[in-house]
Amino acid sequence: MSILKNIISILFIIMISIVSLEILLRFSNSSMKNYNIEMWKYSRTLKIRSVDEVLGHEHRPNQSAVLQGVEIRTNEYGLRGPKIKNTPSERRVLFLGSSITLGWGVKEDETMSSLLEKVLRERGQDVTVLNAGIGNYNARRYTQLYLTKLQVLEPTDIVVNFFLRDAEIIEAGGGNILSRNSQLAVTLIDIWNRYFRTSGEENLLEHYKSLFEENSDGFKIAMTSLQQLADVARNNNINLYMLMIPDIHNLDNYQLIHIHDLMAKKASEMGYFFIDMYPVLKGLKPKQIWAMPGDPHPNALGHQIMAEEIIPHMEKQ
């Protein structure tokens, strides 16, 4: 009997310790400076599992959350930004992509899509720019999103923000009950990944290079998806652009130019107007362009530089 009491006491102490750690972590992370926890909050507050297995998840429509110190709101289509006007503008530009397109860590009016809209309107165009970026999307997912849900928006222009991870194969995921509800579980998983899995810039470079090998399944799927999008755009007289977004871990000694060259060739063959963002971002240090330490998403400066690069091309069109 005494042994059972001891076991119960130990379990009780463990439970109290776990609850205490969870409370302490939540208090500590209230500063919104923990990138992994902020992404976890994003998944809980603004994402919903999709009935479409290809998409995996979508944005919750008409929701808002403050994440990493920045408000992210969605409209009735799950796009970042205000409700779409009933009377469409003469020109409607739709941005497709992942969290970089969304503008993770960047205020809504400082994202590339918002800056583009502001400048084009100031120069006399009747234009609306729509931001359909969703975190953890790849080329297959954002193509599927457009083909199944966003064609109704009838864009005159589509801008694909192509990032290196867009050639990855992403499983639907969703995590388990602990990782979905506990910051302690998320923290422990992160520690495990840091210390027991290969990481670092060198391994990231090798991962990117492997994605774009000729026999890579992810690359083949991405190219097939982008071709599908190009075919639909051509049949509907939609102007089509591809912005090649570099990885911003090391813009001084960038070793992935061959992938940019490959994508420039593929984009041209499929009918995209290709714009490479590496030359205008080259040489920027992490502290200049990262959204915050530990978060390699372009900050407001990065979005401004990229917007300034695309504006002349969009204005010509």
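Nothing in this text is a laboratory measurement; each read-out follows from the coordinates by a stated rule. Everything numeric here is computed off the predicted structure, so don't read it as measured data. Please note: Cβ atoms are built from the backbone with ideal geometry, for glycine as well, and neighbour counts cover all protein chains shown.
Worth a mention:
- Potential lengthening between Leu301 and Asn236 on full extension [0.36 nm per residue; Cα-Cα distance subtracted]: 20.0 nm
- Residues Leu153 and Ser210, FRET efficiency given R0 of 35 Å [Cβ-Cβ distance, rounded to 0.05]: 0.50
- Stretchable slack from Ile8 to Thr224, in nm (0.36 nm times residue separation minus alpha-carbon distance): 72.0 nm
- Length gained when the stretch Ile169-His313 is fully extended (0.36 nm per residue, less Cα-Cα span): 48.7 nm
- Residue order for Lys83, Lys118, Lys47, fewest other beta carbons within 10 angstrom first, comes to Lys83, Lys118, Lys47.
- Extending 7 Å from the Cα toward the beta-carbon at both Ser268 and Arg73 defines two label points whose distance is 4.4 nm.
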